[in-house]
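Here's the structure we're looking at; comments come further down.
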Amino acid sequence: MAGSSFGTIFKITTWGESHGKALGVVVDGCPAGLPLSEEDIQVYLDRRKPGTSAITTQRKEDDCVEILSGVFEGSTTGTPISMMVRNTSQISRDYGNIATSYRPGHADYTFDQKYGFRDYRGGGRSSGRETIGRVAAGAIAAKLLAQMGIRVQAYTRAIGPIEISEESAPLHQPDRLNVAAILSSPTAMPDPAANDKALAYLEEARQNCDSVGGCMECLVTGLPAGIGDPVFEKLDANLAKAIMSIGAVKAVEIGDGMEASRHKGSENNDPFRMENGQVVKTTNHAGGTLGGISDGDTLRIRAYVKPTPSLYQPQQTVTNTGEEIALTIKGRHDPIIVPRAVVVMECMTAITILDAMMCNMSARLDRMIDFYR
Ligand SMILES: Cc1cc2nc3c(=O)[nH]c(=O)nc-3n(C[C@H](O)[C@H](O)[C@H](O)COP(=O)(O)O)c2cc1C
């Protein structure tokens with residue numbers, strides 16, 4: 001299957017199925033000399049792991065990463081880094097009744113139409129488990145970015161109709177984001193009061209055998225101006241592709257996004273001014289990019305996620321022989337995808353930014369001369 005690779009210089013290729021022996025990623029283009037351990041990767045994987053709270057699927061998976069290549073004596077060697085997570089909690093019989101019928105909202109029907117053959121155990125490549133490889137690769141990208149003073153942090157903005165308060169994620173003061181709350185709350189919200197309300201809302205949905213959607217946001221701070229290319233490799237275009245490629249993401253916004261279309265130009269433009277000899281913007285409706293190139297302000301991206309397609313209430317569907325049936329899905333599924341997808345968004349953002357920075361190294365002759373002289 002083509003389409004499993006992403007990136008130009010920092011290039012990742014994810015592999016594996018949810019009920020195969022293992023899943024993983026090959027990362028090519030990582031510079032030599034980055035101190036890297038399995039623990040660096042594991043802390044990120046633990047944030048997307050199922051079975052960590054009542055609102056994620058009760059599959060108990062350890063998701064322990066093994067680094068197979070590209071690291072020697074604790075540092076990257078500049079050669080391809082291969083990472084693997086073994087599947088240890090597969091119960092294929094849970095998925096028996098979707099072998100011949102199509103789950104509404106999932107990729108079963110479209111896979112059959114495309115390939116004429118499908119690994120029906122847990123969704124195969126269209127399973128949320130595919131994101132393990134993205135998160136392992138993103139942990140490396142985030143560590144490299146951190147060495148250059150660039151921080152990437154995602155969190156949950158809304159679950160169903162429950163939104164975090166503006167004060168808990170002040171967009172003009174990203175340093176005040178409550179990262180401890182994001183990392184410790186089951187919803188990945190920075191706002192403990194909204195977290196509690198969202199948990200009650202999710203419990204009601206769970207009791208009704210239903211699922212819910214939500215919104216995630218990612219902030220990138222410390223990114224210098226000048227990263228990204230005009231036209232087809234615009235930074236915002238590549239971020240949209242990276243994040244839209246995550247299963248169940250249905251919309252991506254940069255900066256004020258859709259809201260910008262409801263304002264006048266005089267309200268939406270961000271005035272420039274000077275601060276300590278630097279060009280800065282007074283506001284950040286643009287979300288940190290202009291013309292596909294970073295403007296030095298906080299990069300702000302939102303992603304909207306649909307409700308989990310696999311529900312525990314009977315749904316009308318058809319079998320692969322055209323029989324209309326009422327399908328009751330078994331197996332273990334998240335009543336909401338958002339809290340586990342937050343770290344996936346963070347990682348896809350880190351990979352995209354790092355790749356854009358690497359591509360940017362040949363943009364200016366004066367800097368190339370400085371580098372090689
Ligand atoms: C982290 C993560 C976990 C997911 N868990 C489930 C799940 O338990 N059950 C399910 O039906 N879909 C789950 N999904 C969503 C499906 O992968 C996705 O809806 C499906 O591939 C169809 O793709 P589309 O929604 O992008 O069209 C998950 C997605 C992610 C990113």
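Inside segment 156-167, residues that are outside any loop (DSSP other than H, G, I, E, B), without any contact (Cβ under 8 Å) to a residue 40 or more places away in the chain and buried (at least 21 other Cβ atoms within 10 Å of the Cβ) make up a count of 1.
Looking across V27, V85, one residue alone is under 20 Å from D355 (Cα atoms), in a strand (DSSP E or B), at pLDDT 90 or above and not charged (D, E, K, R). It is V27.
Which strands (runs of 3 or more DSSP E) sit wholly inside segment 173-276 and have at least 1 residues that are in contact with a Gly (Cβ under 9 Å, 6 or more places away or on another chain)? Lay out the reasoning, then the answer.
Details: elements: 214-221, 249-254, 272-275.
The strands (runs of 3 or more DSSP E) meeting that bar are 214-221, 249-254.
Annotation: of all residues in segment 106-155 being within 13 Å of the ligand (Cβ to nearest atom) and polar (S, T, N, Q), the one that is surrounded by the most Cβ atoms within 10 Å (Cβ to Cβ) is T131.
I want to confirm something. Restricting to segment 234-250 and keeping residues that are of a type in the set (D, E, K, R) and under 7 Å from G292 (Cβ atoms), which single residue is surrounded by the most Cβ atoms within 10 Å (Cβ to Cβ)? In this case the residue turns out to be D236. On the stretch given as segment 328-373, residues that are modelled with pLDDT under 95 and within 16 Å of the ligand (Cβ to nearest atom) total 8. Kindly establish whether N87 is of a type in the set (S, T, N, Q), within 16 Å of the ligand (Cβ to nearest atom) and more than 22 Å from D210 (Cα to Cα). Criteria met by N87. Cβ-Cβ distances below 8 Å connect the following pairs, each with a first residue in segment 174-196 that is more than 19 Å from R340 (Cβ to Cβ) and basic (K, R), a second residue that is modelled with pLDDT under 95 and surrounded by fewer than 22 Cβ atoms within 10 Å (Cβ to Cβ), and a separation of six or more residues or different chains: R176/P170. Scanning segment 292-309 turns up no residue that is more than 16 Å from the ligand (Cβ to nearest atom) and surrounded by fewer than 15 Cβ atoms within 10 Å (Cβ to Cβ). If you go through segment 310-327 and keep only what is assigned to a loop (DSSP other than H, G, I, E, B), over 23 Å from the mean Cα position of the chain (by Cα) and within 16 Å of the ligand (Cβ to nearest atom), you end up with Y312, Q313, P314.
The values are calculated or read from the model by the stated rules, or taken from the named source; none is laboratory data. Fair warning: this is a prediction, and the values are worked out from it, not measured in the lab. Glycine also receives a Cβ, built like all others from the backbone with ideal geometry; neighbour counts cover every protein chain displayed.
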